[in-house]
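Enquirer: Quick one: the structure is below, and I'll ask about it shortly.
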Amino acid sequence: SQQGEEDPQALSIQEGENATMNCSYKTSINNLQWYRQNSGRGLVHLILIRSNEREKHSGRLRVTLDTSKKSSSLLITASRAADTASYFCATDAKGSNYKLTFGKGTLLTVNP
Amino acid sequence: DAGITQSPRHKVTETGTPVTLRCHQTENHRYMYWYRQDPGHGLRLIHYSYGVKDTDKGEVSDGYSVSRSKTEDFLLTLESATSSQTSVYFCATESRLDTEAFFGQGTRLTVV
């Protein structure tokens, strides 16, 4: 079964608002990553957070990691219509023999 | 797209025929992955490779085989295609385990 599960499955907001997506996972991890996918395209890496980190920032992105709850959140501030995409979390589980596994994704729609 | 090329980009094949998808990378990345993406399931790992001739199964490997005879190429073979294997297939590469993965543009496979 998939390691990560994103929540919510779909999110619709207005331009300028913040968007928060959550990811829960099942087993201990080495790191957790967030990816973005525009419709019909491949995935693009956004940010990586290691298991010993609690928060990381990259531009308008803020990622938190709570290993005790096995969860992560991705915050996109001041959203733009161009942020409309699906967002996936991916985990590199400890003892997984190099497997990078993804959740089902959150579809974010930012309305102009 | 970090020098990852998937071929073909689109294919329609008949049930029962063998199909081979190719992933070619120019980045000299050690790790390579094959995923399938289906509505409601997100990305699911089929097979992965952690070096030349070193491969292992992912979560949905039944009906698929892979080969990696050189660093730059990772082949995915559907031994006898079935309609349930209609999907979009993505290849990804990773230089090290704690770095980002790079994705190809995907192959849309339809089995009729």
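Every number here is computed from the coordinates shown, using simple stated rules; none is lab data. These numbers come from a predicted model, not from an experiment. Virtual Cβ from ideal backbone geometry, glycine too; neighbours counted across all protein chains shown.
Enquirer: Please compute the average number of Cβ atoms from other chains found within 10 Å of each residue's Cβ in peptide A:35-42.
Expert: Mean partner-chain Cβ count within 10 Å for A:35-42: 4.
Enquirer: In addition: How large is log10 I(q)/I(0) at q = 0.11, 0.12, 0.14 Å⁻¹ when the Debye formula is applied to the Cα atoms of the protein assembly as shown, each weighted equally and without solvent?
Expert: Calculated log10 I(q)/I(0) at the listed q: -0.53, -0.63, -0.85.
Enquirer: Highest mean first, what order results for A:40-49, B:4-13 on Cβ atoms within 10 Å?
Expert: A:40-49, B:4-13
Enquirer: So, one more: Near B:K53, which lysines are there with a Cα under 18 Å away, not counting those fewer than 8 places off in the same chain?
Expert: Partners within reach: A:K99, B:K70.
Enquirer: In whole Å, largest first, what are the principal axis extents of the Cα atoms in the range A:9-112?
Expert: 44, 28, 21
Enquirer: Looking at the P(r) of the range A:59-107, how many percent of alpha-carbon pairs lie beyond 17 Å?
Expert: Tail of P(r) above 17 Å: 48 percent of Cα pairs.
Enquirer: From other protein chains only, count the Cβ atoms within 10 Å of every residue's Cβ in B:44-57, then give the mean.
Expert: If you average over the peptide's residues, the count of other-chain Cβ atoms is 2.
Enquirer: Restrict the search to the range B:16-82; then list the trypsin sites (Lys or Arg not before Pro) that DSSP places in a loop and that have at most 14 other Cβ atoms within 10 Å of their Cβ.
Expert: B:K53
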